[in-house]
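This report concerns only the one structure given below.
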Amino acid sequence: MNPSAIDNLKQPSSLGLTGRLIADQLITVDEAAESQKQSALRDMPLVQYLVDVVGVDSRQLAHSLASEFGAPLLDLSAYNPDYLPKDLVDLKLLQKHRALPLFKRGKRLFIALADPARIEALDEIKFHTGITTEVIVADHTLLSSAIEKFADAKTSIEQLGELNHESYDDLDINTLDEPDGDDRGVSKEVDDTPIVRFVNKVLIDAIKAGASDIHFEPYEHHYRVRFRADGILKEVVRPPKALAPRLAARLKVMSRMDISERRIPQDGRIQMRLSKTRSIDMRVNTLPTLFGEKIVLRILDPASAQLGIDALGYEPEQQRLFLEALDRPQGMILVTGPTGSGKTVSLYTGLTILNTEERNISAAEDPVEINLEGINQVPVNPKVGLNFADALRSFLRQDPDVIMVGEIRDLETAEISIKAAQTGHLVLSTLHTNSASETITRLLNMGIPAFNVATAVSLIIAQSLARKLCQHCAETVTDLPRSSLIELGFTKAMLEHATIKRAVGCKACHEGYKGRTGIYEVVKITPTLATMILENHHSIDLAKQARKEGFPSLKTSALLKVAKGIISLEEANRITVD
């Protein structure tokens, strides 16, 4: 046994450990005998059994143990986990003995244990480390939580070291020029091979997982990395909080930001060349927060613009209306929906269809998300005086056939776009509204005359993205009465051959979902709707007329996909409202 540990512990009194707990009224005599018997049968430490099974208050138990053995007591809730020595003791050994290394002082390593009587734990740790061990008593519940967090942090550090065998260093992960001489003074800070490999691995893993965004987030006591896959954020790793400045520095170097500026937001871009034929861009933004810089990367995969209209999820009639509008020589097509609803992909798909040698296509974007060969893409830059309206004026002097405006944000941009659509140009743009009828109202509220709206706008596409059910594990729903489904909005025609399914979850998916599909409301501005716009009808009346003319709402479109077993009823309710 470890003589040092024994010397520092007072031998239990004549009452014994269970006697002390009985005297302190933490357990009864019967509970003491039964606890000793059951903990031995279950091969479970007595302290763990008393807390987890008997229900003894872990804080009071820790006080009694510390007093009985004459050992110091530490409140782990007030201890900074960043100070824990992470490389001295093997993680499996700590988990085996439910022990936590607290600090090293001189030639002694201080270990937190819930039960100071477990001298064998101290002995084994000393044998493996070669360092004399001392015990400090800790609350069992707090200790279990601290060990779990310690394991997460230690695993993250080990991941950084284990990346040596990966080939990520060979990837061309920043084909844009690296910063030059101005940042040489911080090269030591960012040229950290484990950090470089770790960041590269996170980026590659995000692409493999089909993520649309990567969040690097610092908080007071931890740091986390999350992926947004299929529209849902999920935590993937928790690097040690101490690595936050180096991770931020690496990402800022890759995206050509000012590495010394931490007080204001910055925008940058990373280009990753995965192979000779495939590259992916990432739009990067930093945001100063209370505990460091939060960095978000938006993954922009050019392949998404080449999916083709068949892969976007339009119903046959909706697809026909979209293609008809694209085939017109003039008019305005508006794509609307909240941020992250797939508007850009819809616009790029339309531009790809229009992109032929015979057409001159110009696009103003903020920022340019995906580079499309054959299309003149202009990045809007308000800082130098180039806004959407200025870009549009220039486009009209460049002999355009098709114009794409990233977003109609103000009256000036709207007026020029409407004018272009009325003078022989096809205009595609976006608005942040939730339905086709609200889009009309929004344009009118901006100050566009009703006559111009009615004559210029030819098609409105309101859209959202829904998670698709995993076809490997989705199960058919049989317990929903037909009457209840009709009350939810299903028609009898929908239910005739319906196969409604629910999410289950398997290894091939994310909680029962895999991939996303578009849900659309596609409304053509018919003569009747144009007349109602001229008469300043309310958006509710416009929506009712659109339903009468056979243009299904977002809710109805979502229910159509539920009936086909493509999405779940829960997902349809999540993304749409009546």
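The values are calculated or read from the model by the stated rules, or taken from the named source; none is laboratory data. Since the model is a prediction, treat every value here as computed from it, not as a measurement. Note that each Cβ is placed from the backbone with ideal geometry, even for glycine, and that neighbours are counted across all protein chains shown. The area values use the complete protein model at the heavy-atom level, side chains included, leaving out ligands, DNA and RNA. Shrake-Rupley method; radii C 1.70, N 1.55, O 1.52, S 1.80 Å.
Which value, in Å to one decimal place, does the Kirkwood hydrodynamic radius take for the chain when every pair of different Cα atoms is included?
That comes to 28.6 Å for the chain.
Have a look at Pro481, Leu529, Gly512 and report the one farthest towards the positive end of the charge dipole of segment 423-578, computed about the Cα centre with Cβ charges (Lys/Arg +1, Asp/Glu -1).
Result: Gly512, furthest along the dipole toward the positive end.
Using 0.36 nm per residue, how much length does the chain from Asn355 to Gln471 gain when fully extended, once their Cα-Cα distance is taken away?
38.3 nm
Between Phe127 and Arg482, with labels modelled 7 Å along Cα→Cβ, what's the label distance in nm to one decimal, could you check?
Each label point is offset 7 Å from its Cα along the Cβ direction, giving 7.3 nm.
Taking amide hydrogens as modeled 1.01 Å from N in the peptide plane, which residues meet the under 5 Å criterion relative to Val335, leaving out close sequence neighbours?
Ser429, Thr430, Leu431, Ile461
Please list, in order, the residues from segment 348-380 whose amide nitrogen is less than 13 Å from a point placed 7 Å along the Cα→Cβ vector of Leu386.
363-368, 376-380
With θ set to phi - 60° and the Karplus curve 6.51 cos²θ - 1.76 cosθ + 1.60, what are the ³J(HN,Hα) couplings of segment 27-35 in order, to the nearest whole Hz, using x for Gly and Pro?
9, 8, 4, 5, 5, 5, 5, 5, 5
Can you give the direction-averaged projected area of the convex hull of the alpha-carbon atoms in segment 380-494, in nm²?
12.2
Quote the charge dipole size of segment 199-344 about the Cα centre in Debye, to the nearest 20; the model charges only the Cβ of Lys and Arg (+1) and of Asp and Glu (-1).
On the way: 24 positive and 17 negative charges, 172 e Å.
Using only the charged Cβ atoms, the result is roughly 820 debye.
Percent of accessible area on segment 372-450 owned by carbon and sulfur, 1.4 Å probe?
47
Over segment 270-365, what percent of the accessible surface lies on carbon and sulfur atoms, probe 1.4 Å?
C and S fraction of accessible area: 53 percent.
May I ask you to evaluate 6.51 cos²θ - 1.76 cosθ + 1.60, the Karplus curve with θ = phi - 60°, for each residue of segment 59-67 and list the ³J(HN,Hα) values in order in whole Hz, giving x for glycine and proline?
Calculated HN-Hα couplings, in order: 5, 5, 4, 4, 4, 5, 5, 4, 5 Hz.
Helix 316-327 versus the longest principal axis of the chain: what angle, 0 to 90°, nearest 10, using Cα atoms?
60
Taking the Cα centre as origin and putting +1 on Lys and Arg beta-carbons and -1 on Asp and Glu beta-carbons, what dipole magnitude results for segment 263-302, to the nearest 20 debye?
The calculation lands at about 140 debye.
5 Å is the cut-off here: which amide hydrogens, built 1.01 Å from N in the peptide plane, fall below it relative to Val237, excluding neighbours closer than 5 in sequence?
Val225
Packing-wise, with mean Cβ within 10 Å as the measure, how do 452-458, 53-59 rank, highest first?
452-458, 53-59
Run the numbers for Asp30 and Lys548: contour at 0.36 nm per residue of separation, minus the present Cα-Cα distance, in nm.
178.8 nm
Looking at this model, which pairs from Lys294/Lys383; Lys104/Lys252; Lys507/Lys561 are more than 29 angstrom apart at the alpha-carbon?
Values: Lys294/Lys383 23 Å; Lys104/Lys252 35 Å; Lys507/Lys561 24 Å.
Listed pairs above 29 Å: Lys104/Lys252.
In the chain, which Cys residues have no partner Cys with a Cβ closer than 4.7 Å?
none
Which of rounded, prolate, oblate describes segment 302-393, given a ≥ b ≥ c as roots of the alpha-carbon gyration tensor eigenvalues and a/c under 1.5 marking rounded, otherwise prolate only if a/b is larger than b/c?
It is prolate, given that a/c is not under 1.5 and a/b is the larger ratio.
Rolling a 1.4 angstrom probe over the protein chains, ignoring ligands and nucleic acids, what is the accessible area of Asp230 in square angstrom, nearest 10?
20
Could you give me the ³J(HN,Hα) list for segment 521-530, computed from phi with Karplus coefficients 6.51, -1.76, 1.60 and θ = phi - 60°, whole Hz, x at Gly and Pro?
10, 10, 10, 8, 7, 7, x, 5, 5, 4
By its C-alpha gyration tensor, with a ≥ b ≥ c as the square roots of the eigenvalues, how is segment 219-321 shaped: rounded for a/c under 1.5, else prolate for a/b larger than b/c, else oblate?
prolate
So for the chain, taking the charge dipole from beta-carbon charges (+1 Lys/Arg, -1 Asp/Glu), which of Ala248, Gly424, Ala325 sits furthest toward the positive end?
So the residue furthest toward the plus end is Ala325.
Could you work out the helix-only [θ] at 222 nm for the chain, with each DSSP H run of four or more residues adding -39,500 (n - 2.57) and the total divided by the number of residues, to the nearest 500 deg cm²/dmol?
About -11500 deg cm²/dmol.
Pop a pseudo-label 7 angstrom from the Cα along the beta-carbon direction at both Arg278 and Arg238 and give the gap in nm to one decimal.
3.3
Under the rule of at least 5 residues apart or a separate chain, name every residue whose amide H is placed under 5 Å from the amide H of Arg516.
Residues meeting the amide H criterion: Lys468.
Give the ranking of Glu521, Glu570 by solvent-accessible surface, highest area first, calculated with a 1.4 Å probe.
Glu570, Glu521
Treating the beta-carbon of each Lys and Arg as +1 and of each Asp and Glu as -1, no other charges, what is the dipole magnitude of the chain about its Cα centre, to the nearest 20 debye?
So the dipole magnitude of the chain works out to roughly 380 debye.
Enter the accessible area per residue of the chain (Å², integer; probe 1.4 Å; all protein chains in place). Show your work: numbers first, answer last.
On the way: 28350 Å² over 578 residues.
About 49 Å² of surface per residue is accessible.
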